[in-house]
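One structure below.
The values are calculated or read from the model by the stated rules, or taken from the named source; none is laboratory data. Here the structure is a predicted model, which is why all the values come from computation and not from measurement. Cβ sites come from the backbone with ideal geometry, for glycine too, and all protein chains shown count toward neighbours. With ligands, DNA and RNA removed, areas are computed over all heavy atoms of the protein, side chains included. Shrake-Rupley method; radii C 1.70, N 1.55, O 1.52, S 1.80 Å.
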Amino acid sequence: MNNYGRILLILLLFMTIIVNLQFARSGVLNDTGRYTNDIVDLVAGSGDAGAPGDTGDAAGADTEEPDGAADVADGEIKKTEFLVIYDAGDDISVRAGNNFRSLLTLYKNIPEMVEASDIAAGNGPDYSGFLGIIVAVRRYSAVGDYSGLLSYAAAGGSVFFACPGEAEGLFDSLMSPMGIYEASAGGTYDYVIDRKGIFGEKGRAYLNTGGEYYYRSPRLRSECEVYFVSEKGAPLLWKATYGEGRIFAANSDFVSLYTGRGVASAILAEMRGDRGMLYPVYGLITAHLESFPGPAITGEYKILREVRKDYDRFVKDVLWPDMIKLSREFDLKYTISYVQSYSSETAPPVPDSSLPESSLLIYGAEVLDKGGEIALHGYSYRPFGLDGELRETGWFIPWDSMESMKLFSELPLKLLKKLFPGYTARVYFPPEGRMGRTARENILMLMKDISVICVPYHNILGDQLDGDFLTRDDGIMHYAVTSGVKAAEWNAINSVYSLGIISQSIDIPYAIVSDYRSWDQLLYDMRNAFNIAKKMIPFVRTAGVSSAAAFIRKYEMMDFSYESSNDGIRVSIDGFFKGMSFMLRSDRQISGAEGAEVYEAGRGLWCILPETGSFLIKWGGGAE
C-alpha cells in the first residue's frame with residue numbers, strides 16, 4: 001500500500017471513530033427499536049392516555065362554510081350567547097366566521113351562524129336573545145339594512161365589527177355609530193401597540209408579520225376608547241358608545257385572524273358585560289422544528305452570513321446546541337419533522353434523497369431520548385394536491401395522481417422504519433400547512449397511523465388548512481401551530497391568552513431563506529414565547545404533539561356551566577378530569593376558591609386549576 005493509500009485508510013478509520021463516538025453520545029448505538037411513540041399521560045407523567053383518534057362521541061367540525069349551531073348543553077349560562085354574521089361569497093369573511101365559531105366552540109359556547117344574505121332578505125334571527133353580535137363581514141352591502149343591529153346596540157347590546165369594511169356607501173352611513181368623525185386613506189404598519197393594556201403592559205409594541213394593512217386613518221370622537229394602534233398612531237381597534245350599548249370596530253384584519261385570538265377573547269369577555277367569562281385552557285407548551293433535519297441549504301443568507309458558517313456547520317455548532325439549551329431551560333420536548341429533498345418533482349421517477357440518514361438517526365434519537373417526537377413532513381417539501389386544488393404559489397406544484405402522492409409519502413416512512421423499527425409516526429406537518437382536498441380526504445391511505453395534522457394559525461397563502469384543536473369526522477385532530485419566524489411574540493401571547501397554549505413552530509429552511517430575522521433574534525423570540533406561558537400559567541406542561549393532542553381531546557368530551565352570585569362564580573363540570581384548567585376574565589378581584597387553585601395571570605385574568613367537578617371562585621374586593 002502506498003503512502004496515499006495509508007493516509008486514506010487512516011482518515012477513513014478516524015472518520016469511523018468520530019461517527020461512532022457521535023452515535024454513542026446520542027445513544028444511537030443502543031437498540032433503536034426501543035422507540036415506540038407511546039402516548040404519555042401528561043398528568044400522571046407516563047402510560048397510555050388512550051388511542052389517538054379515539055374521541056368517543058365528540059363531534060367533528062368541517063372546514064367549509066360555517067353552519068348554524070344549537071346549544072350543546074343545559075346550564076345556568078346560556079350556551080348560544082353570540083351571533084356571528086358572515087358573507088358566504090367572500091373567502092376572507094368565511095375564514096373570519098370560522099375563526100370565531102371555532103374559538104367559541106372550544107369555549108363550549110357555540111355561536112349561532114347566519115349568512116349576511118339571509119339578513120339582507122329579512123330572514124335573520126331576533127337579535128335581542130344574544131349577549132353579543134359579531135359582524136365578520138367586509139362587504140357591508142351584503143348585510144343590507146343595519147337598522148336592526150343599531151337598534152340592538154342602542155338598547156344595550158354589543159356589536160363587534162370584526163372585519164374592516166370595504167370602501168362603499170354603507171360604510172359612510174356607519175361611521176357615526178362607530179365613533180368616526182372622518183376618515184382618510186389607510187396604509188401599512190409593522191407593529192401593533194397595546195394602548196389599553198389588553199396583554200398587561202400599556203404601550204407595549206408587538207412586531208407583526210410586517211406590511212400589514214390598516215384600511216383607514218380615522219379621526220375618532222373623544223369618548224371612544226382606543227385599544228390598539230399602529231406605530232404611526234393609526235387606530236386599529238376601538239370601542240364607541242351607542243345609546244345604551246357599545247360598538248367595537250376593527251380597522252385591520254388582525255382581530256379576525258387566528259393569530260389575534262387573545263384580542264378577540266378580551267372583546268368577547270367585554271361583550272358579556274360584568275358577568276365575566278370563564279373558558280377552558282390547555283396549559284401546554286409544544287415546540288416544533290419543521291424541515292429538520294433536512295438537506296443542506298446553500299446561499300448567502302443573513303443567518304449563515306452572521307454566524308460565518310455553511311448550513312451543516314450552522315446546524316451542528318449553533319442551531320442544535322441552542323435548541324438543547326432551550327430544552328433544558330424550559331423542559332421542552334421537541335417534535336421534529338424531517339424532509340429528504342427540495343426537488344420540484346411531483347411524479348415518478350423519485351429524485352434521490354439529499355438527507356444523510358445519519359442526521360435523522362442522531363438528531364432523532366436525541367429528541368426521542370428527551371421525550372420528544374418525530375413527525376412526517378413529506379419527501380420533497382411539496383404540498384400534496386391535484387391540479388386546481390391549491391393555488392400555484394409557494395412550493396406547490398400539482399401532483400399528477402393520487403398514486404404519485406402515495407409513492408412519495410411511503411419513502412419517509414420506509415426511512416423512519418429503517419432507522420427506528422418500532423416507531424410509529426402519528427403527526428404530519430403538511431409543507432406550508434397546505435393540502436388538497438383529495439389528499440386530505442385520503443390521508444390515512446397515504447400515512448395510515450396519522451392522528452394529528454399540524455396546521456398554521458397564519459394563512460399567508462390563502463389556501464392553508466383551516467381549523468384548530470378540533471377532531472374531525474375521520475378521527476384526526478387539526479392541531480394549530482404558531483410561527484416562530486414572523487410575529488412570534490404576538491402570536492404566542494394571543495395563543496396563551498385565548499387557549500393557554502404555546503405551540504411554537506419554526507421552519508428552519510424558511511427561517512434561513514426568508515432573510516427576515518437573525519438567528520439571535522429568532523432565539524430570543526422563541527425564549528420569550530416560552531417565558532410568556534411559564535409566567536402566566538405556573539402549572540404549564542411540555543409535551544410532544546401526539547401526547548398534547550391526546551390531552552386536548554379530553555376537553556372535547558367535557559362540558560361545564562357556571563353561575564355568578566354575590567359570593568362568586570359557582571362552576572359545575574360534566575366530564576371532569578385531573579389536570580384540566582380554565583381562565584377567567586373579570587374586572588372583579590378574586591380572593592381564592594373552594595375546590596380549585598387560583599393564580600393571577602394578568603390584568604383582569606385568572607388561571608383556575610380545578611380539584612373537583614364542582615368548585616366556587618370567590619370574589620374579593622371591588623373592580624380593578
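Conditions: (1) under 20 Å from SER256 (Cβ atoms); (2) in contact with a helix residue (DSSP H, G or I) (Cβ under 8 Å, 6 or more places away or on another chain); (3) charged (D, E, K, R). ASP194 meets all but one. Number of the miss?
(2)
With GLU611, GLU600, GLU594, GLU556 as the choices, which residue is of a type in the set (D, E, K, R) and closer than 21 Å to THR471 by Cα?
GLU556
Where in region 284-338 are there helices (runs of 4 or more DSSP H), lying wholly inside it, with at least 2 residues that are at pLDDT 95 or above, closer than 23 Å to ALA529 by Cα and open to solvent by 10 Å² or more (accessible area, probe 1.4 Å)?
Correct list: 320-330.
Given the structure, is GLY200 open to solvent by less than 10 Å² (accessible area, probe 1.4 Å) and either at pLDDT below 90 or more than 25 Å from ILE532 (Cβ to Cβ) (or both)?
no
What about LYS448, is it surrounded by fewer than 22 Cβ atoms within 10 Å (Cβ to Cβ) and either within 23 Å of PHE199 (Cα to Cα) or in contact with a helix residue (DSSP H, G or I) (Cβ under 6 Å, 6 or more places away or on another chain) (or both)?
no
When you look at SER572, is it of a type in the set (Gly, Ala, Ser) and without any contact (Cβ under 8 Å) to a residue 12 or more places away in the chain, yes or no?
No; evaluated as a whole, the condition is false for this residue.
Taking the condition of being open to solvent by less than 10 Å² (accessible area, probe 1.4 Å) and within 19 Å of VAL255 (Cα to Cα), how many residues in region 106-121 meet it?
Qualifying residue count, region 106-121: 2.
Consider LEU103 carefully, then state whether it is within 14 Å of LEU268 (Cα to Cα), under 32 Å from the mean Cα position of the chain (by Cα) and open to solvent by 40 Å² or more (accessible area, probe 1.4 Å).
Judged against the criteria, LEU103 is not a match.
What residue, of ARG434, ARG472, ARG440, is farther than 20 Å from GLY372 by Cα and crowded, with 23+ Cβ neighbours inside 10 Å?
ARG434
Do any residues in region 227-256 that are within 19 Å of GLY200 (Cα to Cα) and among the β-branched types (Val, Ile, Thr) have Cβ atoms under 9 Å from those of residues that are assigned to a loop (DSSP other than H, G, I, E, B) and open to solvent by less than 10 Å² (accessible area, probe 1.4 Å), where the two are at least six apart or on different chains, and which pairs are they?
Listed by first residue and then by second, the contacts come to VAL255/ALA162; VAL255/CYS163.
Report whether or not SER256 is at pLDDT below 95 and in contact with a helix residue (DSSP H, G or I) (Cβ under 6 Å, 6 or more places away or on another chain).
So SER256 fits the description; yes.
Hey, can you tell me all the residues within region 339-366 that are in a loop (DSSP other than H, G, I, E, B) and in contact with a strand residue (DSSP E or B) (Cβ under 8 Å, 6 or more places away or on another chain)?
THR346, ALA347 - these are the residues of region 339-366 that are in a loop (DSSP other than H, G, I, E, B) and in contact with a strand residue (DSSP E or B) (Cβ under 8 Å, 6 or more places away or on another chain).
Across region 29-45, what is the total count of residues that are modelled with pLDDT of 85 or more, among the hydrophobic types (A, V, I, L, M, F, W, C) and farther than 25 Å from ILE362 by Cα?
Count: 1.
Quick one: is ARG391 charged (D, E, K, R) and open to solvent by 20 Å² or more (accessible area, probe 1.4 Å)?
yes
Restricting to region 578-603, count the residues that are touching a residue at least 60 places away in the same chain (Cβ under 8 Å), part of a strand (DSSP E or B) and open to solvent by 70 Å² or more (accessible area, probe 1.4 Å).
Residues in region 578-603 being touching a residue at least 60 places away in the same chain (Cβ under 8 Å), part of a strand (DSSP E or B) and open to solvent by 70 Å² or more (accessible area, probe 1.4 Å): 1 in total.
Scan SER217, SER265, SER222 and give me the residue that is in contact with a helix residue (DSSP H, G or I) (Cβ under 9 Å, 6 or more places away or on another chain) and either in contact (Cβ under 8 Å) with a residue 12 or more places away in the chain or part of a loop (DSSP other than H, G, I, E, B) (or both).
Being in contact with a helix residue (DSSP H, G or I) (Cβ under 9 Å, 6 or more places away or on another chain) and either in contact (Cβ under 8 Å) with a residue 12 or more places away in the chain or part of a loop (DSSP other than H, G, I, E, B) (or both) holds for just one of SER217, SER265, SER222, which is SER265.
Check off (1) within 22 Å of VAL281 (Cβ to Cβ); (2) outside any loop (DSSP other than H, G, I, E, B); (3) modelled with pLDDT under 95 for GLY75 and give me the number that stays unchecked.
Every condition holds for GLY75 apart from (2).
Regarding SER409, is this residue loosely packed, with under 15 Cβ neighbours inside 10 Å, hydroxyl-bearing (Ser, Thr, Tyr) and more than 23 Å from the chain's Cα centre (by Cα)?
Criteria not met by SER409.
Taking the condition of being open to solvent by 20 Å² or more (accessible area, probe 1.4 Å), in a loop (DSSP other than H, G, I, E, B), among the polar types (S, T, N, Q) and in contact (Cβ under 8 Å) with a residue 24 or more places away in the chain, how many residues in region 514-567 meet it?
The number of residues fulfilling the criteria is 2.
Condition first: at pLDDT 95 or above, open to solvent by 40 Å² or more (accessible area, probe 1.4 Å), of a type outside the set (Gly, Ala, Ser) and under 22 Å from GLY156 (Cβ atoms). Can you find one or more residues in region 233-242 that meet it?
yes
Do we have LEU278 as open to solvent by less than 30 Å² (accessible area, probe 1.4 Å), outside any helix (DSSP H, G or I) and under 30 Å from ILE573 (Cα atoms) here?
Taking the combined requirement at face value, the residue satisfies it.
Taking VAL452, is it farther than 26 Å from GLY203 by Cβ and not charged (D, E, K, R)?
Yes: the conditions hold for VAL452.
Which ones in region 367-380 are more than 18 Å from VAL452 (Cα to Cα), open to solvent by 20 Å² or more (accessible area, probe 1.4 Å) and in a loop (DSSP other than H, G, I, E, B)?
If the condition is that a residue be more than 18 Å from VAL452 (Cα to Cα), open to solvent by 20 Å² or more (accessible area, probe 1.4 Å) and in a loop (DSSP other than H, G, I, E, B), then LYS370 is the only one that fits.
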